[in-house]
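**Student:** I'd like to ask you about the structure that follows.
Bear in mind these aren't lab numbers, they're just calculated from the coordinates by the rules spelled out. The shown structure was predicted, so the numbers you read here are calculated from the model rather than taken from an experiment. Neighbour counts run over all protein chains shown; Cβ positions are idealised from the backbone, glycine included.
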Amino acid sequence: MRGNVVALERWLEDDTAPLWRAMADPTRRRILDLLRQRPLITGEIAAQFPISRIAVMRHLEVLSEAGFATGLLRLQESVETEGRHMEPGQPTIDIALDIEIAGTPPAVFAALTKDIGGWWGHPFVTARATSLALDTRLGGLFTERWDNGGQLIASVTGWAQDEHLQLTGPFHLGIAVGVATFDLVGSGTGTLLRFSFRAIGVVDAALGEAMSRGWAELVRTRLKGLVETGTRLGIDPDEPPTVRSIR
């Protein structure tokens, strides 16, 4: 058992090293911010910085190794090749939901972040997924784990304890990038959860419709049910001790 734990720790260290390297540099973080707004070519990116085009290309190589920029740059190629018109910053998926949950903001936030496997699961993960992990801090990674590896779902790009969570990443959308935002506001004895999800990129129409239905299922049914009744409809059947101790 100890050997399996050590092996997992080594895998996590080796597998996520490129991600930490990519996010450690402020210039690369700024490049990601620019690419999330709209697809850009290298020259357009270089024009935003007081550094050489070669330096920008090196930053893009680091991001590509970490799996960030590759899809966004492929998006540019796809748009140009297929002749599709996309307004700068125009989302291809735009969802907004307001959900009343019978639970305090701290209870909702705990379920949202510390027990994400209690409400997030199939069919919103790949068939290979065995569990989920969310590093609960700004810059932390939201990943699905496989028996022999794993995959990045998103990273934490916004955090305010018991009030706000923002996740930005591929969300299994292919070459699109999505931003999921959860804002919690106290409402009487409960919580008003204001949720939004926006994705920019080339997204199949059927996938976009399924994503809209999927988010309603995840937030309105699964997360709400977990907080109000303890119903676990996510990938993890057992409740984490840290969440159990909060209630």
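**Student:** Mind giving me the FRET efficiency for D147 and T104? R0 is 35 Å, r the Cβ-Cβ distance, nearest 0.05 is fine.
**Tutor:** So, using R0 = 35 Å, E works out to roughly 0.40.
**Student:** How long, wide and thick is segment 156-247, going by the Cα atoms along their three principal axes, in whole angstroms, largest first?
**Tutor:** 42, 27, 23
**Student:** A further question follows. Give me a comma-separated list of calculated 3J(HN,Hα) values for segment 50-62, in order, Karplus coefficients 6.51, -1.76, 1.60 applied at θ = phi - 60°, integers in Hz, x for any Gly or Pro.
**Tutor:** Karplus-based 3J(HN,Hα) across segment 50-62 equals x, 10, 6, 4, 4, 4, 4, 4, 5, 4, 5, 5, 5 Hz.
**Student:** Determine the sum of side-chain charges near W120: Lys and Arg each +1, Asp and Glu each -1, restricted to other residues whose C-beta is under 10 angstrom from that of W120. Don't jump to the answer; show the numbers that get you there.
**Tutor:** On the way: positive: R222; negative: D115, E144, D236.
Overall, the nearby charge balance is -2.
**Student:** If r is the Cβ-Cβ distance from D33 to R194 and R0 is 35 Å, what FRET efficiency results, to the nearest 0.05?
**Tutor:** The calculated FRET efficiency here is 0.95.
**Student:** Can you give me the Cα centroid spacing of segment 126-175 and segment 178-229 in angstrom?
**Tutor:** Segment 126-175 and segment 178-229 have Cα centres separated by 15 Å.
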